[in-house]
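Following: one structure in structure tokens, then a few remarks.
The values are calculated or read from the model by the stated rules, or taken from the named source; none is laboratory data. A quick note: this is a predicted structure, and the numbers were derived from the prediction, not measured. Cβ: placed from backbone, ideal geometry, glycine included. Neighbour counts: every protein chain shown.
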Amino acid sequence: MTPPAIPSQATPLPVPENELEEKFIHASGPGGQNVNKVATAVQLRLDVARSPSLTAYVKNRLRLIASHLMTRDGELLIEASRFRSQAKNREDARARLAELIAEAAKPPPKKRKPTRPSKGAVERRLKAKAGRGQVKKMRGRVSRDD
């Protein structure tokens, strides 16, 4: 099995460091003695509601697209424990935060305009349904008409 790709810090964080709260916790999973002794997993918190560097639009979109990562107090909580090293997990958490904020900053998708099926499509569908009905009708018992 190949190890997961290491995230690159190519995407700079759109939020200043002083708005982030970082906490290191014990990770679960593989790692043996190291995982039991060293706090390698990272919890990254961003108080979205009180962040001056995020626009109101981005804050609302974050509440929509990342609601499963939000606490009741409106904080965005990202946990990273994919890697065995603390440094890689820190980088991973920050990359995921940057990705979430970038996704939230995009304009909302256009609403789909409802359309009706064409006459030909309706006719083909009804013809196919009638054909299936005939096939099912033929599955019955054979009558003896002599």
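Listed values, structure above:
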item	result
Wholly within region 43-146, helices (runs of 4 or more DSSP H) carrying at least 2 residues that are closer than 28 Å to residue 29 by Cβ and more than 20 Å from the chain's Cα centre (by Cα)	86-105
Qualifying residue in region 65-74 (condition: among the β-branched types (Val, Ile, Thr) and surrounded by 10 or more Cβ atoms within 10 Å (Cβ to Cβ))	yes
Number of the exception - residue 85 against (1) crowded, with 17+ Cβ neighbours inside 10 Å; (2) farther than 20 Å from residue 102 by Cα	(1)
Region 74-88 residues that are over 24 Å from residue 48 (Cα atoms) and modelled with pLDDT of 90 or more, paired with ones that are among the charged types (D, E, K, R) and surrounded by fewer than 18 Cβ atoms within 10 Å (Cβ to Cβ) (beta carbon under 6 Å, 6 or more apart)	none
